[in-house]
Amino acid sequence: MAARKANDRPPPPVVRYAPLGELKVFEISEAELEKLESGPPGQVHLSFALALLPSALTVFITIQTVEIKDNRIYNAYQIAFWLLAVQGLVSLFSWWSASRSLKGLIQDIRSRMPEKPGIPEQATRSTDDSDPNTT
């Protein structure tokens with residue numbers, strides 16, 4: 001195998017730079033960073049809600065479409081439906097309320113940014129002949 005020469009390198013890639021119109025930098029505390037790092041709060045609650053609510057719907061459809069003659073089995077289906085539905089709704093509400101806290105944290109961080117300053121302009125004195133203040 002022939003050794004490659006140092007001059008056989010391919011040319012460097014062409015780099016094109018498109019500047020941003022404006023770049024905002026936000027300072028955050030360590031605690032805020034840890035909250036953001038942990039991800040959206042309540043993801044487990046959403047997972048439970050997405051598992052329990054369709055299960056409750058399945059049990060409900062079964063109760064409505066199948067004729068169950070034994071009262072014990074019918075009552076077991078009723079209890080299963082209500083347990084799944086209530087726990088699914090509680091999990092859904094827990095996820096919804098927890099997701100609002102992350103939005104609040106992000107809004108607090110964004111609110112630290114001062115309003116966009118106006119374009120600085122230097123005042124110039126008019127040299128118009130009709131101006132009585134000019135000499």
Potential lengthening between ASP70 and VAL86 on full extension [0.36 nm per residue; Cα-Cα distance subtracted]: 3.3 nm
Would you work out the Kirkwood radius for the stretch 40-111? I mean one over the mean of 1/r across all pairs of different Cα atoms, in Å. 13.8
Length added when fully stretched, PHE93-VAL14, from 0.36 nm per residue minus Cα-Cα: 23.3 nm
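All of the numbers you see were taken from the coordinates with simple rules; none came from a lab. This is a predicted model, so every value here is computed, not measured.
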